[in-house]
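A.B. asks: Supplied in structure tokens, the structure appears directly below.
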Amino acid sequence: MIKNMSLDKDILNDFILESKKLVEDSLEILNEVEGQPDQAKRLADYGNLVDRIMGGARSLALLVPKDHAIHMVSDYAAVCKAVGYKSSQILENDSFFSACVGLLLDATETLEKLLDGVETPTVELKKSIPGTFIDRLQWVSKRFSKDFRSSVSAVTDPSGAMSQDDIDGLLKKLGI
């Protein structure tokens with residue numbers, strides 16, 4: 001049994017570099033769809049990019065203690081992914097679409113800050129998540145109907161849907 005697994009510095013740096021490129025691509029999508037509700041489906045592409053960050057972070061999280069900031073990156077990316085996928089399904093509600101894109105723009109910029117601080121103690125890193133994000137996230141998540149999927153699955157699967165409880169659970173894991 002391995003007692004003290006650790007994260008190889010080169011692997012962590014590669015993850016950060018790749019993730020920052022994915023953040024850049026994600027921000028590009030968000031900027032392109034901002035004010036373009038007819039482009040909502042492109043937010044599924046955003047969700048796919050953030051899903052890659054989440055998956056990489058979850059893989060690396062297996063190698064470190066639960067208080068390592070990589071866990072926070074993973075959970076935060078999971079929230080961004082779910083909101084991105086759900087937002088890709090918004091039809092005929094321009095103001096709600098705009099609110100979701102605005103939230104995702106801010107959230108993605110914060111995700112980049114979390115990546116920059118992945119070696120910072122989690123207690124300090126939590127301070128980079130704006131309180132207004134939590135308020136906005138809760139407001140948005142309450143407005144998604146249960147029919148909105150939080151994945152790219154073509155079939156609505158209640159077991160795969162991110163509910164308010166799931167979002168609250170992720171926020172709790174983030175210590176927020």
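The values are calculated or read from the model by the stated rules, or taken from the named source; none is laboratory data. Note that this is a predicted model, so its numbers are computed, not measured. All Cβ positions, even for glycine, are placed from backbone atoms using ideal geometry, and neighbour counts span all protein chains on display. We work out accessible area using only protein heavy atoms, side chains counted, and drop any ligands, DNA or RNA first. Shrake-Rupley method; radii C 1.70, N 1.55, O 1.52, S 1.80 Å.
A.B. asks: So what are the ³J(HN,Hα) numbers for the range 124-132, from phi and the Karplus equation (6.51, -1.76, 1.60; θ = phi - 60°), rounded to whole Hz, Gly and Pro as x?
C.D. replies: Computed from phi, the couplings for the range 124-132 are 6, 5, 4, 5, 7, 8, x, x, 5 Hz.
A.B. asks: Oh, and also: For residue 17 and residue 124, compute 0.36 nm times the residue count separating them, minus their Cα-Cα distance, and round to one decimal in nm.
C.D. replies: 36.4 nm
A.B. asks: For residue 136, tell me the accessible area in Å² from a 1.4 Å probe, rounded to the nearest 10.
C.D. replies: 80
A.B. asks: Size of the dipole of the range 14-86 about the Cα centre, Lys and Arg at +1 and Asp and Glu at -1 on the beta carbon, nothing else charged, in debye to 20?
C.D. replies: Rounded to the nearest 20 debye, it is 300 debye.
A.B. asks: Mean separation of Cα pairs under 8 Å and 6+ residues apart, divided by the residue count of the range 3-150: what relative contact order is that in percent?
C.D. replies: Relative contact order for the range 3-150 comes out at 28 percent.
A.B. asks: Quick one: Karplus J couplings for the range 110-119, per residue in order, coefficients 6.51, -1.76, 1.60, θ = phi - 60°, nearest Hz, x for Gly and Pro?
C.D. replies: Residue by residue, the range 110-119 yields 5, 4, 4, 5, 5, 5, 4, x, 4, 9 Hz.
A.B. asks: Kindly report, to the nearest 10 Å², the accessible surface of residue 113 as traced by a 1.4 Å probe over protein heavy atoms only.
C.D. replies: 120
A.B. asks: Going from most exposed to least, what order do 26, 128 have by accessible area with a 1.4 Å probe?
C.D. replies: My answer, sorted largest first, is 128, 26.
A.B. asks: Next up: In whole Hz, what ³J(HN,Hα) sequence does the range 13-27 give by Karplus (6.51, -1.76, 1.60; θ = phi - 60°), x for Gly and Pro?
C.D. replies: Calculated HN-Hα couplings, in order: 4, 4, 4, 5, 4, 5, 5, 5, 5, 5, 5, 4, 5, 5, 5 Hz.
A.B. asks: In the full protein assembly as shown, how much of residue 41 is accessible to a 1.4 Å probe, in Å² to the nearest 10?
C.D. replies: 150
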